[in-house]
Amino acid sequence: MTIKSDEWIIEQAELGMINPFSPEQIRFENDRKIISYGTSSYGYDIRCANEFKVFTNVFNTVVDPKNFDAKAFVDVVGDVCIIPPNSFALARTVEYFKIPRDILTICVGKSTYARCGIIVNVTPFEPEWEGYVTLEFSNTTPLPAKIYAYEGCAQVLFFQSDRVCKTSYKDRQGKYQGQIGVTLPQA
């Protein structure tokens, strides 16, 4: 496997791999400094949309990945999301991805959030997966934490295999294929 460069990412984005796509790193919008997003040297910095599901224990729900109760979350729409101490929120990317059959991605949080105790967790985008990415923001601090919509939150790294996979995510009809909004766990 080889990691792909900014030139490859730009070529693939022009073929529809990332939409919307920024071929350069954006650090200012409307003369306002933001957490950067767009193409980087060996990856792409994704943005968080303004739809959030903030974890709450109001209904004393048990978190069960096989039988998930949506009442464990409160829906929030806005330019910022406040995550309670030692809690988390789900969100989705602004960008829609269509991953080529010979590509696997790994997504890591941006240092701006990591240095504040906010961990961004995303599973790999498998070959031929497509959709908006569901993001998890964990607030590891004893203080409330702020997440900014439409700004950078994590970096996607693209790895190309020397062979095309035998069975892609699309081939096996993965349960998160084509997800549109913030997608909760499905058994």
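Here region 1-63 and region 126-187 have alpha carbon centers that stand 11 Å from each other. Counting neighbouring beta carbons within 10 Å and listing from fewest to most, the residues D69, D162 come out as D162, D69. When the chain is modelled as a GNM with alpha-carbon springs shorter than 10 Å, which of T61, T134, T93 fluctuates the most? Result for the chain, Cα springs under 10 Å: T61 fluctuates most.
Taking other C-beta atoms within 10 angstrom as a stand-in for reagent exposure, S111, S5, S168 fall in the order S111, S5, S168, fewest first.
Annotation for region 28-119: chymotrypsin sites (Phe, Trp or Tyr not before Pro) lying in DSSP loop with at most 10 further Cβ atoms inside 10 Å of their Cβ are F59. The slack in the chain from A114 to F159, taken as 0.36 nm per residue of separation less the alpha-carbon distance, amounts to 13.9 nm. The value given for the chain is a Kirkwood hydrodynamic radius of 17.2 Å, derived from the mean inverse Cα-Cα separation. For a paramagnetic label modelled on K98 (point 7 Å from Cα along Cα→Cβ), amide N atoms under 19 Å away belong, within region 141-180, to 158-159, 165, 168-174, 176-180.
Given 25 °C and 0.890 mPa s, how large is the Stokes-Einstein diffusion coefficient of region 55-146 in µm²/s, with Rh as the Kirkwood radius over Cα pairs? The estimated diffusion coefficient comes to 165 µm²/s. Taking other Cβ atoms within 10 Å as a rough exposure proxy, K53, K170, K66 sort from fewest to most as K66, K170, K53. Close amide-amide hydrogen proximity is noted between S36 and G152, each under 5 Å apart and 5 or more residues distant or on a separate chain (H modeled in the peptide plane; Pro and chain starts excluded). Scalar couplings 3J(HN,Hα) for region 50-55, obtained by applying the Karplus form with A = 6.51, B = -1.76, C = 1.60 to θ = phi - 60°, are 9, 9, 10, 10, 9, 5 Hz; x denotes Gly and Pro.
No value in this document is a laboratory result; all are computed from the given coordinates. Here the structure is a predicted model, which means the values were calculated and not measured. Using ideal geometry, Cβ is built from the backbone for each residue, glycine included, and neighbour counts are taken over all protein chains shown.
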